[in-house]
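Peer 1: To start, I am sharing the structure in question, which I have written as structure tokens.
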Amino acid sequence: MTARATIGIIGGSGLYQMEALTDFEEVRLETPFGNPSDAFILGKLDGVSVAFLARHGRGHHLLPSELPFRANIHGFKQLGVKYLLSASAVGSLKESVKPLDIVVPDQFIDRTRSRVSTFFGGGIVAHIGFADPVCGKVAEILAHAAQSLNLRDVDVHRGGTYVCMEGPAFSTKAESDLYRSWGATAIGMTNLPEAKLAREAEIAYATLALVTDYDCWHPDHDSVTVEMIIGNLQRNATNAQKVIRAAVSRLAAEQPVSEAHSALQFAILTPLERIPETVKENLQPLLAKYL
Ligand SMILES: CSC[C@H]1O[C@H](OP(=O)(O)O)[C@H](O)[C@@H]1O
Ligand SMILES: Nc1ncnc2[nH]cnc12
């Protein structure tokens, strides 16, 4: 397939579409890893071709543990995506990070238990570097876009650690206190497997974490509930769309070279002739330039 979009957008809780998208069409993709969360929406954002996907499906019917992470990233790769902008709802783990604020994390802590977060195995062994799990260049573009917009009631926090928990239940107070003692900034349930798979697929990934609540650690705020989150989702979704639009324009203009774009260069241990043909076929969009 010829490249349809170099910029992908994955919308989380509250962000099920990009309202400014024009000339759009729905594209359903099949992947060796099953069906993606929904159809990809291909269209133009201020003249730039983008591919949008609703992470939990439009209608929000997929749990974080049920998300077809591999199919989603494989789908973006099939479409030719080189940069992936994620938007996610998160709880705050710091006093200074308040609901409606935006965090652009630069680190993750993995507290998931039942996710497949690699494309490899089954005859091919590869180990990507993941010390810096988001693309610094894309993160900078997102953070700069968020700051330049001067959004009302919103402070933008550059950098920070996102704890990715399994869910779907929210954390206990002991867990929330533990993550705070680790110095973490925000908590969510989706970003880590996505970031890892994006890196394996050599897609430069960064995330806009939009704060909905103070989780359950804050003595002056009620513990997080879905009702509380929904109260902030609409404003966050509006803000996310503004930031993403600005970031897409700059990304399209600059097209930065990211370390993520060559993540597999020295990562594959298995000699090419030993990799089973079915694996080569399944991973064709990822491996094409190495085969
Ligand atoms: C709606 S509350 C919890 C839910 O919201 C976040 O999803 P996403 O990252 O897709 O915005 C969080 O990770 C949970 O999945
Ligand atoms: N407190 C929280 N914990 C986990 N995921 C979340 N998403 C939004 N708020 C959250």
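Peer 1: For the range 197-218, which positions are surrounded by fewer than 24 Cβ atoms within 10 Å (Cβ to Cβ) and more than 16 Å from ligand 2 (Cβ to nearest atom)?
Peer 2: 202 - this is the single residue of the range 197-218 that is surrounded by fewer than 24 Cβ atoms within 10 Å (Cβ to Cβ) and more than 16 Å from ligand 2 (Cβ to nearest atom).
Peer 1: Residues of the range 239-255 being open to solvent by 10 Å² or more (accessible area, probe 1.4 Å) and within 15 Å of ligand 1 (Cβ to nearest atom), which ones? Spell out how you get there, then give the answer.
Peer 2: Our first condition is that a residue be open to solvent by 10 Å² or more (accessible area, probe 1.4 Å); within the range 239-255, this holds for 239, 241-242, 245-246, 249-250, 252-255.
Selection gives 239, 241.
Peer 1: For residue 70, indicate whether it is within 16 Å of ligand 2 (Cβ to nearest atom), surrounded by 15 or more Cβ atoms within 10 Å (Cβ to Cβ) and either in contact (Cβ under 8 Å) with a residue 12 or more places away in the chain or under 23 Å from residue 287 (Cα atoms) (or both). Before you say what the answer is, go through the steps one by one.
Peer 2: On the way: within 16 Å of ligand 2 (Cβ to nearest atom): no; surrounded by 15 or more Cβ atoms within 10 Å (Cβ to Cβ): yes; either in contact (Cβ under 8 Å) with a residue 12 or more places away in the chain or under 23 Å from residue 287 (Cα atoms) (or both): yes.
When the stated conditions are applied, residue 70 does not pass them.
Peer 1: What's the number of the condition residue 81 fails, among (1) within 16 Å of ligand 2 (Cβ to nearest atom); (2) touching a strand residue (DSSP E or B) at 6+ places or on another chain (Cβ under 6 Å)?
Peer 2: Unmet for residue 81, out of (1) within 16 Å of ligand 2 (Cβ to nearest atom); (2) touching a strand residue (DSSP E or B) at 6+ places or on another chain (Cβ under 6 Å): (1).
Peer 1: State which residue is farthest from ligand 2 (Cβ to nearest atom) when the search covers only the range 3-29 and only residues that are open to solvent by less than 40 Å² (accessible area, probe 1.4 Å), among the small types (Gly, Ala, Ser) and farther than 21 Å from residue 63 by Cα.
Peer 2: The extreme case among them is 5.
Peer 1: Just checking, does the range 39-58 include any residue being within 16 Å of ligand 1 (Cβ to nearest atom), over 30 Å from residue 178 (Cβ atoms) and out of contact with any strand residue (DSSP E or B) (no Cβ under 7 Å at 6 or more places or on another chain)? Break it down into steps so the answer makes sense when it comes.
Peer 2: Just the residues of the range 39-58 that are within 16 Å of ligand 1 (Cβ to nearest atom), to begin with: 52-58.
Restricting the remaining residues to those that are over 30 Å from residue 178 (Cβ atoms) gives 52-54, 57-58.
Subset that is out of contact with any strand residue (DSSP E or B) (no Cβ under 7 Å at 6 or more places or on another chain): 57-58.
Yes; the residues of the range 39-58 include at least one that is within 16 Å of ligand 1 (Cβ to nearest atom), over 30 Å from residue 178 (Cβ atoms) and out of contact with any strand residue (DSSP E or B) (no Cβ under 7 Å at 6 or more places or on another chain).
Peer 1: Could you look through the range 89-103, keep only residues that are open to solvent by less than 10 Å² (accessible area, probe 1.4 Å) and closer than 19 Å to residue 145 by Cβ, and pick out the one that is nearest to ligand 1 (Cβ to nearest atom)?
Peer 2: Ranking the qualifying residues of the range 89-103, first place goes to 90.
Peer 1: Check the range 196-212 and report whether any residue there is away from ligand 1 (no atom under 14 Å from the Cβ) and of a type in the set (Ser, Thr, Tyr).
Peer 2: No; the residues of the range 196-212 include none that is away from ligand 1 (no atom under 14 Å from the Cβ) and of a type in the set (Ser, Thr, Tyr).
Peer 1: I need the full set of residues from the range 148-191 which are of a type in the set (Ser, Thr, Tyr), out of contact with any Cys (no Cβ under 8 Å at 6 or more places or on another chain) and either near ligand 2 (Cβ under 9 Å from one of its atoms) or open to solvent by less than 20 Å² (accessible area, probe 1.4 Å) (or both), in order please. I'd like the intermediate steps shown before the answer.
Peer 2: Going through the range 148-191, the residues of a type in the set (Ser, Thr, Tyr) turn out to be 148, 161-162, 171-172, 176, 179, 181, 185, 190.
Remaining after also requiring out of contact with any Cys (no Cβ under 8 Å at 6 or more places or on another chain): 148, 161-162, 179, 181, 185.
Of everything in the range 148-191, those that are of a type in the set (Ser, Thr, Tyr), out of contact with any Cys (no Cβ under 8 Å at 6 or more places or on another chain) and either near ligand 2 (Cβ under 9 Å from one of its atoms) or open to solvent by less than 20 Å² (accessible area, probe 1.4 Å) (or both) turn out to be 162, 179, 185.
Peer 1: Pick out the one residue from 130, 108 that is within 14 Å of ligand 1 (Cβ to nearest atom), modelled with pLDDT of 95 or more, open to solvent by 20 Å² or more (accessible area, probe 1.4 Å) and closer than 20 Å to residue 73 by Cα. Can you show your working first?
Peer 2: Numbers: 130 fails: within 14 Å of ligand 1 (Cβ to nearest atom).
Among 130, 108, only 108 is within 14 Å of ligand 1 (Cβ to nearest atom), modelled with pLDDT of 95 or more, open to solvent by 20 Å² or more (accessible area, probe 1.4 Å) and closer than 20 Å to residue 73 by Cα.
Peer 1: Let me ask something else. Residues of the range 213-228 being away from ligand 1 (no atom under 14 Å from the Cβ) and either under 13 Å from residue 103 (Cβ atoms) or aromatic (Phe, Trp, Tyr) (or both), which ones? Walk me through it before giving the result.
Peer 2: Start the filter on the range 213-228 by keeping residues that are away from ligand 1 (no atom under 14 Å from the Cβ), which leaves 217-222.
The one that is away from ligand 1 (no atom under 14 Å from the Cβ) and either under 13 Å from residue 103 (Cβ atoms) or aromatic (Phe, Trp, Tyr) (or both): 217.
Peer 1: From the set of residues in the range 73-88 that are away from ligand 1 (no atom under 16 Å from the Cβ) and aliphatic (A, V, I, L, M), which is surrounded by the most Cβ atoms within 10 Å (Cβ to Cβ)?
Peer 2: If we take residues in the range 73-88 being away from ligand 1 (no atom under 16 Å from the Cβ) and aliphatic (A, V, I, L, M), then 81 is surrounded by the most Cβ atoms within 10 Å (Cβ to Cβ).
Peer 1: I've got another one for you. What is the residue count in the range 152-209 for residues that are closer than 25 Å to residue 262 by Cα, among the hydrophobic types (A, V, I, L, M, F, W, C) and not in a strand (DSSP E or B)?
Peer 2: Adding up the residues that qualify gives 6.
Peer 1: List the pairs whose first member sits in the range 160-174 and is within 17 Å of residue 67 (Cβ to Cβ) and modelled with pLDDT of 95 or more, whose second member is near ligand 2 (Cβ under 9 Å from one of its atoms) and in a helix (DSSP H, G or I), and whose Cβ atoms are under 8 Å apart, counting only residues at least 6 apart or on separate chains?
Peer 2: Correct list of pairs: 166/64; 167/64; 168/64.
The values are calculated or read from the model by the stated rules, or taken from the named source; none is laboratory data. Bear in mind the structure is a predicted one, so any value in this text is a computation, not a measurement. We place every Cβ from the backbone using ideal geometry, glycine too, and count neighbours over all the protein chains shown. When the accessible area is computed, the model is the full protein with side chains, heavy atoms only, and any ligands, DNA or RNA have been set aside. Shrake-Rupley method; radii C 1.70, N 1.55, O 1.52, S 1.80 Å.
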